[in-house]
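Quick notes on the structure that follows.
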Amino acid sequence: MTTTPTHVISAGADLFADAVAAQAVDVTRVDWRPPMTGTESDLATVAADPLRRDANARALAAMLDVSAMLVDVAPASEVLGLERGQFLHAGPPIEWARASGPLRGALMGGAALEGLVDDPEDAVRLFETGDGVSLDPCHHHAAVGPMAGVVTPSMWMFVLEDPATGRRTHCSLNEGLGKVLRYGAYSPEVLTRLRWMREVLGPLLQRAVRGTGPVDVTGILTQMLQMGDEAHNRNRAGTLMLLRDLAPAMVSSGMDSADVAESLRFVGGNDHFFLNLAMPACKLALDAARGIEGSTMVVAMARNGTDFGIQVAGTGDEWFTGPAQVAEGLYLGDYGPDDANPDIGDSAITETAGIGGFAMATAPAIVRLVGGSVPDALATTRRMHEITLGENPRWTVPVLEFQGVPSGIDVTRVCRTGILPQINTGMAGRVAGVGQVGAGLVTPPADIFPAALARLAELTRSRS
Amino acid sequence: MSRPDTSASTSHVELRSGAYADSVTLLQVSRAVQGVDGVAAAQVAMATGLNIEVLTEMGFEVPPTATANDMVVAIRLAEGGSLEAALAGVDRALADANRRSDSTAEVAPHRTTATAARDTGDAIVLVSVPGASALVEAMDALDAGRDVMVFSDNVSVEDELALKRTAAERGLLVMGPDCGTAVVGGLGLGFANAVDPGPVGIVAASGTGCQQLLALLDHAGVGVTSALGVGGRDLSSEVRGLATREAMRRLDADPAVELIVVVSKPPADDVAAEIRAYADTLATPVSFALLGAGQPDLTEAAEAVLTRMGREVPTWPVCGEAAAPTGGTLLRGLFVGGTLASEAKLLAAAALGTDAGHTFVDFGDDAYTAGRAHPMIDPTLRLDHLARAAADPDTAVILLDVVLGHGAEPDPGTVLAPVLAAIDKPLVVAVIGTDGDPQGLETQVRALVGAGAEVHMSNARATRRAIELVQSVQPSQGASA
């Protein structure tokens, strides 16, 4: 029909928007700007792909439909089939020669933990020669790892499952802050703690989870977002909710009461403990969208300390990588920008799923920690809505009128606006063995989005 | 960015990488800077090929590294002028241009049509971004289930087909690309004349053709409820009337529409036949104004519509009188309206022959608008050519159009008048406008007549008059027509 429009959206010359307004009709003006250099033609090709709209709708729905239940805690050797000498790490694939300081440090500590060497320093030769050791991304094994993300066979893993499909994802147990393996530290105290986690904490959590029954991690995420956590750099409410669920079964596990008390103290004193559940919950959701032909949705963002890589629903398991950036933020003690390693870790999976930096507005308490102000935080979450396909009705932000978090990063929208995903992150020391030096904000290297777009365009052309 | 010593040169060119503003905004910025004391000439523009050409002609040297993504600021100072002040003027004008009338500063505006549509209820989408990006924005509209008008030109026919096929699958309407004019339920979009609602519905594969009909019907007292532009290529053998069909279907379904008029630049014959056959399946009668050799001109088409509706055909107004030619033999048509230019060319070809050297330039053509505002907004290029035509001893008569309505220049008559007054050749002007247009039809006509022009409301009548004047200096050639 040809009824009078009540509203006009105008993209382009303001003059035409003005002319509509002069006729007393409401106008929404799009603040259009040229896309990233050289992407016009690929953008048009992908926009015209007849598969795109439905593929993206399916990808978004698949991600949002997943619920993640914590169903078990068990060694990586059992649940991932890792064998002696096999090492998983964060980010896209990398070899020892290009590995950054913190990744090297974590691998060296991991080798000592597994008894491949007595002194972590001796592991350098092992990795240089590649004799009896192999490296592989966590993402290739249904797992995610924070920071260096190193996983060895004897480490205990959280096991998350989507009850509708039985699919599973995994993540190691969080070690706390400061001098820890995931930040590249490998001193004797680091290894002592990891052994205690292997001998005491892991088995106790296994009994507790098996005794309590599945724990609804997605549900806890829903609540913690309302309680001031963005589930990347702040997980305090989530950690306490997990303890609330597991503490009774831990106490009645029959294990030594001093060990139980120590475990409760360790988890309760580690505000990041829940991060290692948020991450695999996000991966579980995003993996549901993998391999959807024609979809431009990002299903993983991950860094290995050298490269930043993304994977996209419509491009299979291909990684699009560029140099990882150094975060901007605040430093611990005397550390400064020269001490920081480029961005590292699989934890950007939280942003990929719409929390972390994307949900900054919900976590005013961490805004300063990552070097921002409250208005910046609100603006950041709003800005991320410009590059995402939709909202998550389950995860909402009270201060934004309970608007759902921005969900499903769209490669085309990033190329069109030049707005890069905002990531909240910790910073590891550049030198192996140092540990954490700060926390801050970082974005992916811009070039990887046009690269992914070019591949999507190539696939589109091959279909037509 | 380092700026050169202000005393060292009177000509200044700088590139601003990563800065962007649309061509209309930059036109306003350029004008504001031209008004700064001590500035002799100023041009702020994106460094597209055409704009570099314009800047070069103005005597500026644009660095060879400039790309279409760079903004060029070019300033020539008058004696004693201050570059400092001129550049401050640039920055001020750019800042002013970015200031929105509604000050919802807290919430950043949407960056894509997709997100704007997500937060907006039932809306129609108007896309006027550069052609290479138009498909992407327009596809957002279709994805959100909205009709879209694509004003942008320089859009490939492949992109047009992708949009129109998608729209056809979803029952949506794509007006354009290169759709200059639409009236949807009384709301004018792009360049549209202000008309009263009424019994006529127009489907237009021609922007200024549509405007000519709107203006003539309005003068005859017949209102138009909707005029749906479909883009100049819609009736080509590639696009095959995809949008024309949907627009006709909608007008047929509108009980207010008693007669549908389809106006188009010369269509592909077989497509025209298909559309005529489709018209026969509709309940509402359809009149056709398909331009082409031997076909009725737009004014005759408007007269046929009036007759078909049982209305009287009025006398189309003429004001002023062109002087007699004093030399030269050629007709120079300088148009902002593409269809008006084609109409004039067709009429002249019939009367004067095709290879006689008469020229009909359409400044709205893609070649003149890549990275530049449409001549209905930015008169610079036409004014430049007008001066050249006036100085050319071969020119016998100059024929112009002035198009009024929403979106067009706020006061074209005042801009043209001093230039026309200085020309000693006969001037015939077609003014396409209505009494309701924001520029004021009467004011515009008065300014043009005052500058010595003979002003017609009908482009065809203006053209015939110009032909007559040319023939008066070469009677032997005109006799055969």
Note to self: At 7 Å along Cα-to-Cβ for each site, give me the label-to-label distance between residue A:61 and residue A:251 in nm.
What the structure shows: 4.6 nm
Check: Excluding same-chain residues fewer than 8 positions from residue A:283, which lysines have a Cα within less than 30 Å of its Cα?
Finding: A:179
Check: What full-extension length gain, to one decimal in nm, is calculated for residue B:122 and residue B:315 as 0.36 nm per residue of separation minus the Cα-Cα distance?
Finding: 65.2 nm
Item checked: Selected from B:418, B:19, A:220, residue furthest toward positive end of dipole (the protein assembly as shown; charges at beta carbon) -> A:220
Next item on the list: Loop sites only, by DSSP: take the GluC sites (Glu not before Pro) in chain B that have at most 11 other C-beta atoms within 10 Å and name the longest stretch containing none of them.
Entry: B:107-311
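Apply 1/(1 + (r/R0)^6) to the Cβ-Cβ distance of residue B:154 and residue B:385, taking R0 = 30 Å, and write down the FRET efficiency to the nearest 0.05.
Working: r = 21 Å, r/R0 = 0.69.
Once the sixth-power term is evaluated, E becomes 0.90.
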Item checked: Contour excess over end-to-end distance, with Cα ends at residue B:307 and residue B:37 and 0.36 nm allotted per residue -> 91.5 nm
Item checked: At R0 = 30 Å, FRET efficiency that the Cβ-Cβ distance of residue B:281 and residue B:435 yields, to 0.05 -> 0.20
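Ordered by packing density, taken as the mean number of other Cβ atoms within 10 Å over each peptide's residues, highest first, how do A:412-425, A:209-222 rank?
Working: A:412-425: 24.9, A:209-222: 18.6.
In descending order of packing, they fall as A:412-425, A:209-222.
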Margin query: I'd like the mean, over residues of A:20-27, of how many other protein chain beta carbons sit within 10 Å of each residue's own Cβ.
Written below: 5
Margin query: Tell me the net charge near residue A:235. Cut-off is 11 Å between Cβ atoms, residue A:235 excluded, with +1 for each Lys or Arg and -1 for each Asp or Glu.
Written below: -1
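Peptide B:137-146: average number of partner chain Cβ atoms within 10 Å per residue? Present the calculation step by step, with values, prior to reporting the outcome.
On the way: counts 7, 2, 9, 7, 2, 2, 5, 1, 0, 3.
Average neighbour count from other chains, rounded to a whole number: 4.
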Checklist line | Hits among aspartates and glutamates - C-alpha to C-alpha of residue B:425 under 14 Å, sequence gap 8 or more where chains match | finding: B:321, B:392, B:394, B:454
Next item on the list: Report the net charge of residues surrounding residue A:441, where surrounding means a beta-carbon distance below 13 angstrom and charges are Lys +1, Arg +1, Asp -1, Glu -1.
Entry: -3
Next item on the list: Please give the average number of partner chain Cβ atoms lying within 10 Å of the Cβ of each residue in A:415-422, rounded to a whole number.
Entry: 2
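How much net charge surrounds residue B:225 when only the other residues with a Cβ under 12 Å from the Cβ of residue B:225 are counted, with Lys and Arg +1 and Asp and Glu -1?
Charge balance near residue B:225 sits at -2.
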Next item on the list: Just name one of B:408, B:296, A:66: the one whose Cα is farthest towards the positive end of the charge dipole of the protein assembly as shown (beta-carbon charges, Lys/Arg +1, Asp/Glu -1).
Entry: A:66
Checklist line | MRE, 222 nm, helices only [DSSP H, n ≥ 4, -39500 (n - 2.57), over chain A, to nearest 500] | finding: -10500 deg cm²/dmol
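Going by a ≥ b ≥ c, the root eigenvalues of the Cα gyration tensor, does the stretch A:380-464 fall in the rounded group (a/c under 1.5), the prolate group (a/b larger than b/c) or the oblate group?
Details: a/c = 2.78, a/b = 1.20, b/c = 2.32.
In terms of gyration-tensor shape, oblate.
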Check: How far apart, in nm, are two points set 7 Å out from the Cα along the Cα-to-Cβ line at residue A:401 and at residue A:326?
Finding: 4.2 nm
Check: Just how far, in whole angstrom, is the stretch B:270-343 from the stretch B:30-87 if you go by their alpha carbon centroids?
Finding: 41 Å
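Compute, for the stretch A:67-280, the length of the dipole vector about the Cα centre, with Cβ point charges of +1 (Lys, Arg) and -1 (Asp, Glu) only. Units Debye, rounded to 20.
The dipole magnitude comes to about 420 debye.
Can you compute the charge dipole magnitude of the protein assembly as shown about its Cα centre, using +1 on each Lys and Arg Cβ and -1 on each Asp and Glu Cβ, nothing else charged? Give it in debye, rounded to the nearest 20.
Working: 67 positive and 114 negative charges, 226 e Å.
That gives the protein assembly as shown a dipole magnitude of about 1080 debye.
Full extension from residue A:261 to residue A:293: what is 0.36 nm times the residue separation minus their Cα-Cα distance, to one decimal in nm? Could the numbers behind the result be given before it?
Numbers: separation 32, 0.36 × 32 = 11.52 nm, distance 5.04 nm.
Between residue A:261 and residue A:293, full extension yields 6.5 nm more.
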Notebook entry, point to check: Extent of the stretch B:88-208 along each principal axis, from alpha carbon coordinates, in Å, largest to smallest?
Noted result: 48, 32, 30
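Do the sum for chain B: with -39,500 (n - 2.57) for every DSSP H run of n ≥ 4, divided by all residues, what is the mean residue ellipticity at 222 nm, to the nearest 500 deg cm²/dmol? Don't skip to the answer; put the middle values down first.
Working: 17 runs with 188 residues, N = 481.
Calculated from helices alone, the mean residue ellipticity at 222 nm is -12000 deg cm²/dmol.
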Check: Between residue B:96 and residue A:446, what FRET efficiency comes out of the Förster formula 1/(1 + (r/R0)^6) with R0 = 30 Å and r the beta carbon distance, rounded to 0.05?
Finding: 0.50
Note to self: Straight-line reach from residue B:265: which lysines fall under 21 Å, measuring Cα to Cα and dropping same-chain residues less than 8 apart?
What the structure shows: B:164, B:345
Check: Looking at the square roots a ≥ b ≥ c of the eigenvalues of the Cα gyration tensor of the stretch B:10-100, which shape do they give, rounded for a/c under 1.5, prolate if a/b is larger than b/c, or oblate?
Finding: oblate
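Once you have a ≥ b ≥ c as the square roots of the Cα gyration tensor eigenvalues for chain B, tell me rounded if a/c is under 1.5, and otherwise prolate or oblate according to whether a/b is larger than b/c. Mind showing how you got there, number by number?
Values: a/c = 1.91, a/b = 1.16, b/c = 1.65.
Taking the square roots of the gyration eigenvalues as a ≥ b ≥ c, chain B is oblate.
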Item checked: Separation of alpha-carbon centers, the stretch A:104-175 and the stretch A:240-264, rounded to whole Å -> 26 Å
Item checked: the stretch B:37-135: trypsin sites (Lys or Arg not before Pro) in DSSP coil with no more than 15 other Cβ atoms inside 10 Å -> B:99, B:100
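Every number in this text was worked out from the coordinates using simple rules, so none of it is lab data. Model, not experiment: these values are computed from the prediction. Virtual Cβ from ideal backbone geometry, glycine too; neighbours counted across all protein chains shown.
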